[in-house]
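Presented below is the structure to which this report refers.
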Amino acid sequence: MARIAYVNGRYCDLRDAAVNIEDRGYQFSDGVYEVCEIRNGSLVDLPRHMARLKRSLSEIRIAMPMGEAALAAVMHEVVRRNRVHYGLIYLQITRGVAHRDHAFPSPAVKPSLTITAKSLNFEKNQAMAAKGIAVITVPENRWPRVDIKSVSLLPNVLAKQQAKEQGAYEAWFVGSDGCVTEGSSSNAWIVTKAGTVVTRSAESGILPGITRAVLMEVLAALQIRLEERPFTAAEAHEAAEAFVTASTQIVMPVVKIDGKPVGTGAPGPIALKLRDHFHGFSSFS
Ligand code: PMP
């Protein structure tokens, strides 16, 4: 079946979907994006993703290309046209097309909006969670504004590739203070031997993950202790469990960090329990 993309007001075959080479997303990574999970054909936690998108846009002074309700309608249409039952939707907004000049175009141009959706293999994701993933640590080398979901992902790309080449699935960035910030495409968590779940506060150094925010509600409901504080790679090595969160990973157990097993070396009971309960706390639209 042909995949369909939405590009600046038109639905077209993905093979024909194209943007102008003077799009500022292409020239300068001058844009932001969002990824939502699709379950049973519905968008998971769309209102939270919309709110983060609007915040990312306002932080870099790009206008919403259309109203929120209209944007949601286009997203649903992309899901429908691609007949995605389980998968993800990717949305990108850039500052638009203009002759190359670092400063913003003046007068402002229309932001570019592109949306794609793709099916993922649910069983494969479940099998991965049953096995757990390996992570490596790499030095943090990103700009301080990682709270903005910018398409400028070169450090993340290089970190993920390094992980892959070392037989791991994810890379955790470690700051000059020795503390883990987050993964190249996920938030990082550990569970202490006393059963407390620990993740860095969203105040600095991380993208405020939507999965992270929903998981905090799951933790409260299950009466599992949570500490929002930095943790070092050494503490992660000694932890009972570790896991990562992201929209398409939900809660993904980490069983190895830099080649050393975490806890028993198998996915931890708390991580698996949180994974099981997660969608009871999500919204579907
Ligand atoms: N941090 C980074 C750097 C990411 O790319 C992602 C995935 N988009 C996350 C955290 C997790 O965010 P979310 O739970 O909203 O997918």
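All of the numbers you see were taken from the coordinates with simple rules; none came from a lab. For clarity, every value in this text was computed on a predicted model and none was experimentally measured. Backbone-built Cβ (ideal geometry, glycine too); neighbour counts: all protein chains shown.
Say the dipole of the chain comes from +1 at the beta carbon of Lys and Arg and -1 at that of Asp and Glu; which of 40, 261, 167 then lies farthest toward its positive end?
Value: 40.
Which value, to two decimals, describes the C-alpha radius of gyration of segment 4-120 once divided by 2.2 N^0.38 Å?
Details: Rg = 14.2 Å, N = 117, 2.2 N^0.38 = 13.4 Å.
Cα Rg divided by the expected 2.2 N^0.38 Å: 1.05.
Would you work out if segment 125-281 is rounded, prolate or oblate? Take a ≥ b ≥ c from the square roots of the eigenvalues of the alpha-carbon gyration tensor; rounded if a/c is under 1.5, else prolate when a/b is larger than b/c, oblate otherwise. Before the final figure, lay out the partial values.
On the way: a/c = 1.41, a/b = 1.22, b/c = 1.16.
In terms of gyration-tensor shape, rounded.
Let me see the P(r) profile for segment 59-170: every Cα-Cα distance counted, bins of 10 Å, each bin given as a percent of all pairs.
All Cα pairs considered, the percentages come to 11, 26, 34, 24, 5, 0.
Counting alpha carbon pairs within less than 8 Å and at least 6 residues apart, what relative contact order, in whole percent, applies to segment 1-120?
On the way: 208 pairs, mean separation 43.8, N = 120.
Relative contact order comes out at 37 percent.
Only loop residues by DSSP count here, and only those with at most 13 other Cβ atoms within 10 Å; note down the GluC sites (Glu not before Pro) in segment 155-187 that meet that.
Values: sites: 165, 170, 182; in loops: none.
Answer by residue number: there is no such site.
Grab the Cα-Cα distance for residue 223 and residue 42, subtract it from 0.36 nm times how many residues apart they are, and report the gain in nm with one decimal. All intermediate terms of the calculation are to be shown ahead of the outcome.
Working: separation 181, 0.36 × 181 = 65.16 nm, distance 2.85 nm.
Working it through step by step, the gained length comes to 62.3 nm.
For residue 202 and residue 58, FRET efficiency with R0 = 25 Å and r from the beta-carbon atoms, rounded to 0.05? Walk me through the numbers before you get to the answer.
Working: r = 17 Å, r/R0 = 0.68.
About 0.90, to the nearest 0.05.
Along its three principal axes, how long is the chain when you only count alpha carbons? Whole Å, largest extent first please.
56, 40, 34
Just grab the label-to-label distance for residue 100 and residue 19, each label 7 Å out from Cα along the Cβ direction, in nm (one decimal).
Going from the residue 100 label point to the residue 19 one covers 1.6 nm.
Net charge near residue 238: determine it from the other residues with C-beta under 12 Å of the C-beta of residue 238, scoring Lys and Arg +1 and Asp and Glu -1. Could the numbers behind the result be given before it?
Working: positive: 193, 260; negative: 235, 241.
With Lys, Arg at +1 and Asp, Glu at -1, the net is 0.
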